[in-house]
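Data block below; observations after.
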Amino acid sequence: MRILLAEDDFVTRKFMMNFLAKYGDCDVTVDGMEAIDAFMMALEEDEPYDLVVLDIMMPVMDGYQALSGIRNIEKERGIDKEHGVKIIMATALNDEKNVKMAFDLGCTVYSGKPIDQDRFEQGLKKLGLIK
Amino acid sequence: MLDMYLFENSQLLEQLQDRVLKLKDAESFDDDSINEIFRAIHTIKGSSGVMMFDEITAVAHKLEDVFYYLRESKPTNVPHLELVELVLGVTDFISGEMDKLSEGAAADGDAHELIGKIDDYLRKIKESENEAGKVIADNVYEEPTQFYIAPLASSFTHYYKVYITYKDSTEHVNIRAFKAVRALKDVAEDMLYYPEDILSGKEAVTEDIRENGFKILIQTDKAEDELKKLIGTDTDIQNIDVYECNYAEFNLGFVSDTSQILIDLDSSVEEIIERSGKQETPGAKYVPEVENIVPGDFVVKEKGHGKVTLARDRKSEARRSSYISVEVSKLDRLMELIDKLVAKDESEEALELQRAVKAMRVVPLTSTFQKMNRIVFDISRKLGKDVGFEMIGDTTEIDKNIVEHISDPLMHIVRNAVDHGIETPAERKMAGKTERGKITLSAGADSGEVWIKVSDNGRGLDRNVILARAREQGFIDDPVKPDDAYNDKEVFGLITRPGFSTSENVTEYSGRGVGMDVVMQNIGDLGGTLEIESTKGFGTVFTMKFKKL
């Protein structure tokens with residue numbers, strides 16, 4: 001599976017890369033803007049990502065902006081909701097407000113940090129990304 | 001987010017249980033109740049699905065199946081008490097799982113057996129109903145499309161904000177601050193402090209600590225007191241405040257602190273203008289080097305992308321605006337401070353303040369009483385007794401501390417009342433009483449006192465038996481003093497003595513030695529008293545009294 005990770009904090013990035021490498025090839029970006037670029041590039045090269053993991057607090061564009069950016073691109077290209085990329089928000093922000101906004105914007109899984117790795121994996125299974 | 005889930009669902013579970021217990025003696029659930037139970041369990045299922053608590057979701061779905069069937073095909077042959085027990089079984093299971101979650105553990109319960117039972121039950125009512133041959137659509141479970149994973153809660157890790165201020169006379173406050181850091185370093189899993197460059201020797205840093213105190217953010221498995229102890233040996237320290245915070249706040253660092261706007265109310269406008277002019281000269285004041293907040297970084301605070309708030313959101317917003325929840329530890333701290341104040345200053349205002357704060361700590365007894373309803377139901381079913389339950393004055397308010405600790409003794413008294421107080425239906429009939437016994441739980445407030453009463457209309461206490469036992473077991477030393485010389489209060493008081501027991505046989509629910517003496521002790525610890533009145537053949541009344549704050 002192809003994974004795109006957007007995470008600005010070096011230590012977390014390293015940790016997340018190691019963790020996600022178990023499940024597929026992981027590309028890394030450091031802000032929301034770069035993540036959208038990478039997402040578009042992959043679509044154009046016809047090698048779309050299966051999973052996008054976004055931090056929320058990021059420079060240039062935050063995770064919410066990246067999330068709605070990606071969903072808008074998909075809409076433009078006529079990709080319906082069912083076939084859209086699975087997006088996981090991975091963030092220390094755990095307020096109900098934050099979660100709701102992410103759900104409204106179309107994220108698939110909202111995962112609080114520190115990441116509960118077992119349940120994260122359980123989530124990937126539910127999404128049919130791994131067996 | 002997890003907090004919200006636990007809060008909302010525990011309320012729903014409570015509602016569900018109340019509804020079911022209220023109707024336990026009915027023939028069957030009426031349409032309204034079926035709808036309400038269906039809705040509640042459906043909501044629990046939905047949110048648990050999103051949270052990926054699969055067992056809770058599965059149990060809730062199974063129970064929903066039953067109520068879906070009841071709603072859609074209105075069967076006539078529905079064993080009611082069995083259904084009541086199943087619903088209570090489900091609410092117990094889910095409450096148990098939620099307790100684990102709230103303690104930071106995993107919801108790892110196995111609902112297999114319970115689901116099997118519900119399945120059997122549903123099959124049974126479907127079969128007995130089959131003759132009509134009605135076909136109704138199945139209640140299909142749709143997996144949610146969005147999920148939430150709660151952050152890993154290492155149950156031992158805490159996050160704290162520590163504020164230390166030093167006495168004006170203290171020299172080298174930066175070195176003192178460094179000592180505090182060193183003291184905490186060994187117990188810290190992660191730590192941040194401000195100002196950062198305490199050892200640079202810059203005058204501005206020292207000034208900053210003097211004026212604003214020294215701030216530490218620490219992640220540790222230690223308790224607040226231990227942190228204070230580690231830091232607190234220094235006599236130069238004026239004050240240490242330790243506040244527990246959550247991971248998100250911890251992660252934000254000191255941003256919120258340093259961006260705080262302080263309003264100077266003491267100085268005149270001229271003074272302020274003059275001072276702000278001075279501050280612009282470079283190096284005059286220590287300017288904290290805080291990372292710039294990048295645009296979009298706090299998009300969280302925006303309402304976000306032109307989204308309309310849902311009606312449901314608005315409702316919960318409204319609820320939150322009329323109530324704010326405060327950590328009990330903060331109220332305790334406030335209490336503590338006010339007690340100190342009152343000790344020094346007994347003015348009317350100080351006392352008024354103390355009363356106002358105490359009033360903030362009172363909560364109604366309602367949920368405690370409702371728990372007892374459940375206990376009466378469970379035990380009377382087990383013992384084959386028919387017992388009704390009535391609550392009076394359950395909205396009476398009492399200090400939170402008492403509410404938290406009253407459950408155990410109250411439960412014990414209620415158990416005893418059902419087990420020993422109320423007779424079996426046959427015995428009652430023989431005695432010319434109604435076959436159904438009754439337990440009444442009541443509460444109220446008189447001048448200066450709050451009382452809670454447990455009354456039963458059972459067999460009552462037998463003076464003679466108690467006195468005989470007491471003599472046998474050596475609780476009465478005086479062999480010549482006649483029975484008549486002891487008044488009721490003295491006699492009934494005997495049953496609260498450690499080791500005293502009148503029960504002939506030990507049942508599952510009471511009479512295992514942990515007896516009324518423990519109840520007495522518990523009530524005493526809460527500053528209350530217990531009185532027992534009883535009339536043989538007519539019942540017993542236990543009255544607890546607590547001083548009103």
### Task
Please work out if B:Glu8 is within 21 Å of B:Asp378 (Cα to Cα), of a type outside the set (S, T, N, Q) and either buried (at least 22 other Cβ atoms within 10 Å of the Cβ) or not assigned by the TED database to the domain that holds B:Gly388 (or both).
no
### Query
Which members of the stretch A:1-26 meet the condition of being touching a Leu at 6+ places or on another chain (Cβ under 8 Å) and in a strand (DSSP E or B)?
A:Arg2, A:Ile3, A:Leu4, A:Leu5, A:Ala6, A:Cys26
### Query
assigned to a helix (DSSP H, G or I), surrounded by fewer than 21 Cβ atoms within 10 Å (Cβ to Cβ) and in the same structural domain as B:Glu397 (by the TED database): does that describe B:Lys453?
no
### Task
Could you tell me whether A:Ile70 is under 15 Å from the mean Cα position of the chain (by Cα), among the β-branched types (Val, Ile, Thr) and more than 7 Å from chain B (Cβ to nearest Cβ)?
yes
### Summary
All-but-one check, B:Thr157 against (1) touching a strand residue (DSSP E or B) at 6+ places or on another chain (Cβ under 8 Å); (2) at pLDDT 85 or above; (3) within 14 Å of chain A (Cβ to nearest Cβ), failing number (2)
#### Entry: Pick from the stretch A:27-39, criterion part of a helix (DSSP H, G or I) and within 12 Å of chain B (Cβ to nearest Cβ), ranking: nearest to A:Val99 (Cα to Cα)
A:Gly32
### Query
Name the pairs whose Cβ atoms lie under 7 Å apart, with the first residue in the stretch B:320-347 and over 18 Å from B:Val242 (Cα atoms), the second at pLDDT below 85 and polar (S, T, N, Q), and 6 or more positions between them or separate chains?
B:Ile338/B:Gln354; B:Val342/B:Gln354
### Task
Can you give me the ranges of the strands (runs of 3 or more DSSP E) entirely in the stretch B:87-204 with at least 1 residues that are out of contact with any helix residue (DSSP H, G or I) (no Cβ under 8 Å at 6 or more places or on another chain) and more than 30 Å from A:Phe120 (Cα to Cα)?
B:158-166
### Looking only at the stretch B:45-82, and only at residues there that are touching a residue at least 12 places away in the same chain (Cβ under 8 Å) and among the basic types (Lys, Arg), the one that is surrounded by the most Cβ atoms within 10 Å (Cβ to Cβ)
B:Lys62
### Message
Given the criterion part of a helix (DSSP H, G or I), within 7 Å of chain B (Cβ to nearest Cβ) and within 30 Å of B:Glu249 (Cβ to Cβ), identify the matching residue among A:Tyr64, A:Tyr110.
### Response
A:Tyr64
### Task
Out of A:Asp80, A:Asp118, A:Asp104, report the one residue that is over 24 Å from B:Ala107 (Cα atoms), more than 7 Å from every other protein chain (Cβ to nearest Cβ) and either over 14 Å from the mean Cα position of the chain (by Cα) or buried (at least 22 other Cβ atoms within 10 Å of the Cβ) (or both).
A:Asp80
### Query
Can you find even one residue in the stretch B:23-39 that is among the hydroxyl-bearing types (Ser, Thr, Tyr), outside any helix (DSSP H, G or I) and farther than 30 Å from A:Gln122 by Cα?
yes
### Query
Since A:Val11 meets every condition but one in (1) closer than 20 Å to A:Gly112 by Cβ; (2) crowded, with 17+ Cβ neighbours inside 10 Å; (3) at pLDDT below 95, which condition does it not meet?
(2)
### Summary
Restricting attention to the stretch B:371-408, the residues that are within 27 Å of B:Val357 (Cα to Cα), out of contact with any Gly (no Cβ under 9 Å at 6 or more places or on another chain), at pLDDT 85 or above and assigned to a helix (DSSP H, G or I) number exactly 4
#### Entry: Residue among B:Gly448, B:Gly432, B:Gly421 that alone is more than 19 Å from B:Ser380 (Cα to Cα), in contact (Cβ under 8 Å) with a residue 40 or more places away in the chain and assigned by the TED database to the domain that holds B:Val387
B:Gly448
### Query
Looking at the stretch A:40-57, is at least one residue facing chain B (nearest Cβ under 7 Å), buried (at least 17 other Cβ atoms within 10 Å of the Cβ) and in a helix (DSSP H, G or I)?
no
## Note on the structure
Considering residues that are surrounded by fewer than 23 Cβ atoms within 10 Å (Cβ to Cβ) and more than 9 Å from chain B (Cβ to nearest Cβ), the number found within the stretch A:83-101 is 4
### Query
Going through the stretch B:231-244 one residue at a time, which ones are more than 14 Å from B:Arg176 (Cβ to Cβ) and surrounded by 16 or more Cβ atoms within 10 Å (Cβ to Cβ)?
B:Val242
#### Entry: Residue that is farther than 23 Å from B:Val519 by Cα and at pLDDT below 85, where the choices are B:Val480, B:Val465
B:Val480
### Criterion: modelled with pLDDT under 70, over 22 Å from B:Ile402 (Cα atoms) and surrounded by 11 or more Cβ atoms within 10 Å (Cβ to Cβ) - qualifying residue of B:Leu310, B:Leu341
B:Leu310
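The values are calculated or read from the model by the stated rules, or taken from the named source; none is laboratory data. The structure presented is a predicted model; accordingly, all values stated were derived computationally and were not measured. Here Cβ is always computed from backbone atoms with ideal geometry, including for glycine, and neighbour counts include all displayed protein chains.
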